[in-house]
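Heads up, the thing below is written out as structure tokens.
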Amino acid sequence: MTGHLSFNAADNLDAAEIDRINADFYGRFNYPWRALSLTGHADPTFAPRFLCQEAGDFDGAALPPDGEIWVAGCGTNQAVITALRFPGARVLGTDLSARSLALAEASARDLGLTNLRLEQASLNDAPHEARFDHVICTGVIHHNADPAQPLARLARALKPGGVMELMVYNYYHRIQTTAFQKAIRLLSGAGGRGGLIEAELPMAQEMVADFPLPGTMADFLAAQRGLPEPAVADSLLQPVEFSYSVETLAALCAGSGLVLWQPCVNQFDRLSGQFGWEPPLTGASAAAFNRLPDLERWQVANLLMQERSPMLWFYIGHGPKRRTRAEVNADFLRRSFAPARCEVVSHVLGPEGHYQLSPRRAALPAPALPADPTVRAVCQACDGHRSMAEVLAGLGPMPDEAGLTRLRQMLTTPAFPYLLAT
């Protein structure tokens, strides 16, 4: 198997047994916990256009506004959030946990969603074939007995020109997590396959509250304090997980005929500011780094940045053809961009556990201009007529490839939805 396994009994993992263990686990710990508010887009083209731009398609052809989307392993709210963000699409959410799906169904009823269907199903035997324009699977396949098996099902379900959004654990982010999971199983007597969660939880909570040993484990456990129980359990007690490097993720994808297209700026890396795959190297190392192909460059960044590298969250698709960073940046420079605007509707979780429509109206992007002064200047100069190259020429020296990539990410992606190609 490709990747690093945190499970103590690594041999002869059975897919059906691990499905049962995961269903029980997420039935006990509903993950993620319910959001205090949920936001929907009034414009059905807004989210698809920005997703396409981040994936390297400024024409917006890869994902039609009325396409089909599969949220594979949707948990309690990811399919609901997707249906709100893509109101013109038909969204299917599947999960192993009946309890998680029940919570998602309740939220969908509160919100009056008509474009969402929910099903209890395993990814390991999903029957779909060339059906979906977009497949979202984040934080799921690495909890399976053999991640290659569900990934092959996802690949088969994706249309030939479709876009998959995939996230698996970054090995360098999971070192303390893996060590703690193995230790707590030995302490609790679980030692192997699932079960005994109720024996593990009190000990985990005890060590989170007061861990007497020095070192990085103490810092890691201290960061769990105050988090909701499902978050602590998902981090510290998950029965089986694999983690990957860029190299092993690419190998896993290649086994299903998939290739990494472009990194996805996710909400977690956006908040931390750690979404760039360009470490600040200097001299000969910087020159050598910039000469590398995309995959090798991401691999070097993963190796050198380690726990500071971004999450392994990528847009992927059927190979072998893909657009390189240089090709996407060149297209970015040729294009003209205009400010984007989309009205949003918010629903707030009430004291009785139901979502209610908020009377307040807002719009994306919010705030209206980027905080970074350089990015803000570029945003203000875009008028929908001049090309990005002309805009940048009027503002100063042309950025290098890393600078262009960061500028493109901070202006034209779902995490920073400021500019749309005209």
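A short reminder: the numbers here are calculations on the coordinates, not readings from a lab. These numbers were taken from a predicted model, which means no experiment stands behind them. For neighbour counting, all protein chains shown are included, and Cβ atoms are generated from backbone atoms with ideal geometry for every residue, glycine included.
Points worth noting:
- For LEU349 and GLN205, a Förster radius of 22 Å and the Cβ-Cβ distance give a FRET efficiency of 0.30, rounded to the nearest 0.05.
- Against the main long axis of the alpha-carbon atoms of the chain, helix 325-334 sits at an angle near 40°.
- D (Stokes-Einstein, µm²/s), Kirkwood Cα radius, region 114-196, 1.306 mPa s at 10 °C: 105
- Whole-Hz couplings from phi, Karplus 6.51/-1.76/1.60, listed for region 233-240; x for Gly and Pro: 5, 5, 7, 9, 10, 3, x, 8
- The simple spin-label model puts a point 7 Å past each Cα toward its Cβ; for ALA183 and SER387 those points are separated by 5.7 nm.
- Sorted into 10 angstrom bins from 0, the C-alpha pair distances of the chain split as 4, 21, 30, 27, 14, 3, 0 percent.
- For the chain, the 222 nm mean residue ellipticity estimated from helices alone, with every DSSP H stretch of n ≥ 4 adding -39500 (n - 2.57) and the total spread over all residues, rounds to -12000 deg cm²/dmol.
- Cα→Cβ-extended label distance, 7 Å offset, between LEU395 and ARG156, nm: 4.7
- On Cα atoms only, tilt of 46-55 relative to the major axis of the chain in degrees: 90
- Extension gain from LEU292 to ARG361, taking 0.36 nm per residue of separation minus the Cα-Cα distance: 20.2 nm
- Sorted peptide list for 224-231, 155-162, 248-255, criterion being average Cβ within 10 angstrom, highest first: 248-255, 155-162, 224-231
- Amide proton proximity set for CYS342, modelled H, under 5 Å, gap of 5+: LEU364
- Long-range Cα-Cα pairs in region 205-354 (distance over 27 Å), rounded percent: 46
- Distance from the Cα centroid of region 243-267 to that of region 42-107 is 20 Å (rounded to whole angstrom).
- For the pair ALA130 and SER285 in one chain, pulling the backbone fully straight at 0.36 nm per residue adds 51.5 nm over the alpha carbon distance.
- Only Lys, Arg, Asp and Glu carry charge here, each on its Cβ (+1 for the first two, -1 for the last two); on that basis region 180-298 has a dipole of about 240 debye about its Cα centre.
- Per-residue HN-Hα couplings for region 74-84 [Karplus 6.51, -1.76, 1.60; θ = phi - 60°; Hz; x = Gly/Pro]: 7, x, 7, 9, 5, 5, 5, 4, 5, 5, 6
- Shown in residue order for region 394-406 are the 3J(HN,Hα) couplings computed by the Karplus curve 6.51 cos²θ - 1.76 cosθ + 1.60 at θ = phi - 60°: x, 9, x, x, 5, x, 6, 4, 5, x, 5, 4, 5 Hz (x for Gly and Pro).
- Once both labels are positioned 7 Å from their Cα atoms along Cα-to-Cβ, the gap between ALA223 and ARG308 label points is 1.4 nm.
- Space enclosed by the convex hull of the alpha-carbon atoms of region 23-79, per residue, Å³: 104
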